[in-house]
Amino acid sequence: MILLEKAPPFATVQDLGWPTGRAMGLPQCGAMDPLLLGRANALVGNLPGAAGIEWALGPGVLRAGFACELTVLGAGEVLLDGEPADMAHPVWSLEPGARVTVTPDRDQRFLYVAVRGGIDVPVVLGSRSTYLPGGFGGFEGRRLKAGDLLPVGPALHTRLGGLVHPRAAPDAGAEEMPIRVTRGPQWDRFDQAARRTLLESRFRISASSDRMGYRLEGPAIVPSRTATLPSEAACPGAIQIPDGGAPIVLMPDGPTVGGYPKIAVVVRDDLRCLAQYLPGHEVRFREAG
Amino acid sequence: MSGFGATIVPLGEQAWTVVLGETVDRMLHQRVTALAARIAAARIPGLVEIVPAYATVTVFFEGDAEEIRRKLVALSHHERSEVIPPPEAMPELHVIPVRYDGPDLAYIATETGLTRQQIIQRHSSREYLVYLLGFVPGFGYLGDLDPSLVLPRRATPRTRVPAGSVAIAGAQTAVYPLATPGGWHLIGTTTTVMFDPAREPAALLKAGDRVRFEPVA
């Protein structure tokens, strides 16, 4: 058991989401940064798809209910019983009752807590992810709150692969790589000027961004043909252009279908980088080549 | 890229959308359903999921995109062939009891010039086709509505529509499976559970099913 003694403003149990279910309207869901969750899992000897805690917006405190191995990736600071944790080798053997104080990084939106054995909430339709709009999955279908006791599953007998190192922090001041996109299903509905606006402008992540979608602030992107179309399948990473021309990038909890034209789709590997941007962060796009 | 009027466009790196048209009508939807069945019957290695919609069939996959696309081109090319494999699951008829007590009935009456009774009668006297599921789990887009009931969406969406609300918008009607924001006109409520993750299958409806609404007191 892991006790959440003090909950951050936003934390849910997530794994890699539902691989299927779109045909019945079930979004993919799962970790916003699946690679970081996967790395955290690898560090404690779990399969990449084991459930962990996705944590955002503020500090909190965990307590180990029994001896366990735990890691936190993407945090600004971790204290173990009040002492700074070894962040170069971030796998910690905790004694029963040990207190883990976690503070997010100032430049990163989501951090992940993984424990050897994984967070063992019930599997719903094949995933342990939390789908908040539906109130199911994860821990009682809701955000975690103080006092929650999270069950931990049995550890795998063998550790898989080698140690996977957490990603290095980008060099301070280094120019950030543009987010790569592929042409979307309605690319042809946008003229040269609109496409250039997408690929040559700077956009800002809006404050009204969540696990369903990130709104972008910047120049308007206007389609040259009628905007709405009969609803059709969408996916995480799809850049939808609503009537006003302000793009929305769909995220893992986003709707499975939509009637807005999709000018482009963020490359899967880059979507997690975009997901980590905080409101106000500037972003550029370039076509994947 | 195209078969008989079919275009194949990418939806990211792991999905292709086969576009058969741009309209909402039953004839086109029959082609969508037939193509989805044909793709399913082809048992393409690496195929993850098929999502039929109004005028498109989207195929999610893992593996070689080009190989999947070639198979889809071949399958959509044979669109006009006589052999339509049966769908994976047979279409069903669902009868959904509705208490017609929605907060927008008065507004609809004003806009359409119909009485409350006429609205209820016209909404409940048709058999609807489930065109697609989406938006949230278990949300079925049903059509077509009686032309006299067709109204644009609300100018300002409600921030919260209760689960079980029966609603109309455009030529469509639907039941909200969960409490979500929504811009449709609310005409009633049902106790039928549209989505239950503990049920098999979790969603009551699937694309291609039929739905009838039955007024209850």
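No lab work stands behind these numbers, since they all come straight from the coordinates. It should be emphasised that the depicted structure is a prediction, and the values quoted were computed from it without experimental measurement. So basically every Cβ, Gly included, is an ideal-geometry build from the backbone, and we count neighbours across all protein chains shown.
Here are a few things to note about the model shown:
- Computed from the Kirkwood radius of its Cα pairs, the Stokes-Einstein diffusion coefficient for the protein assembly as shown at 20 °C and 1.002 mPa s stands at 88 µm²/s.
- Inter-chain Cβ neighbour count for B:47-57, averaged per residue, equals 5 (cutoff 10 Å, partner chain atoms only).
- Entry for the stretch A:231-279 at q = 0.20 Å⁻¹: log10 I(q)/I(0) = -0.64, Debye formula applied to identical alpha-carbon scatterers, no solvent contribution.
- The stretch B:146-192: C-alpha gyration tensor shape, a/c 1.5 cut-off, then a/b vs b/c: oblate
- Spherically averaged projected area in nm², based on the convex hull that wraps the Cα atoms of the stretch A:1-131: 7.6
- The ellipsoid equivalent to the alpha-carbon distribution of the stretch A:179-287 has semi-axes of 19, 16, 12 angstrom, derived from the gyration tensor eigenvalues as √(5λ) and listed largest first.
- Mean Cα-pair separation over length for chain B, i.e. relative contact order, pairs under 8 Å, 6 or more apart, %: 20
- Ellipsoid semi-axes in whole angstrom, largest first, where each is sqrt(5λ) of the Cα gyration tensor of the stretch B:93-215: 22, 16, 13
- Bridgeable lysines around A:K262 (alpha carbons under 27 Å apart, same-chain partners fewer than 8 residues away excluded): B:K71, B:K206.
- Computed from the Kirkwood radius of its Cα pairs, the Stokes-Einstein diffusion coefficient for the stretch B:1-159 at 10 °C and 1.306 mPa s stands at 88 µm²/s.
- Within the same chain, lysines fewer than 8 places from A:K6 are excluded, and of the rest, those with a Cα less than 29 Å from its Cα are A:K145.
- Compactness check for the stretch B:7-80: Cα Rg over 2.2 N^0.38 Å is 1.00.
- When only alpha carbons are used to place a centre, the stretch A:19-69 and the stretch A:81-146 end up 7 Å from one another.
- Relative intensity of chain A on a log10 scale, I(q)/I(0) at q = 0.17 Å⁻¹, equals -1.33, per a Debye sum over C-alpha point scatterers of equal strength in the absence of solvent.
- Highest to lowest packing among A:63-76, A:22-35, scored as the average C-beta count within 10 Å: A:22-35, A:63-76
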